[in-house]
Amino acid sequence: MPGVEARGFDAPDETRTPDKTKIEVVRMGGTTAARFTFEPGWKWSECVKAVAGTDSCQARHVGVVHSGTLHISHEDGTELELRPGEAYVIEPGHDAWVVGDDRFVGFEFESRAAEDYAKS
């Protein structure tokens, strides 16, 4: 394994495309990263829930927002909106949706979420 490695998301190892969703996965060494793109009108409970097979998203997300706004509603009662330039951690047990007319793009670095999210 090289001491330094870089990969672009334009040639991902895997791409997943549920409704209004695009997940591009790159793998380097023992790490997996992903670019999450959600189109306007995207909502987890409408676009990914059937693929996940759970009542709420059970993935833990760690990432940074590149563009767009995403509203998170957690089952513990907390809610917030993620905006460009913000780093985030979202624990399992949430719904989420795109706010406004711009697509949301986030880069995620939690290997398990990158490997499993929206995978049928």
> How about the stretch 1-56: which GluC sites (Glu not before Pro) there lie in a loop by DSSP and see at most 12 other Cβ atoms within 10 Å?
Replying inline: E5
>> Eigenvalues of the Cα gyration tensor times 5, then square-rooted: what semi-axes does that give for the stretch 64-111, in whole angstrom, largest first?
In response: 17, 14, 8
> How high is the relative contact order of the chain, in percent, with contacts defined as C-alpha pairs under 8 Å that are six or more residues apart?
Replying inline: 30 percent
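Cα-based Rg of the chain per 2.2 N^0.38 Å, rounded to two decimals?
Normalised Rg, Cα atoms only: 1.02.
Every read-out reported here was derived from the displayed coordinates using simple, explicitly stated rules and does not represent laboratory data. Small disclaimer: the values here were computed from a predicted structure and weren't measured. Neighbour counts are summed over all protein chains in view; Cβ atoms, including those assigned to glycine, are modelled from backbone coordinates with ideal geometry.
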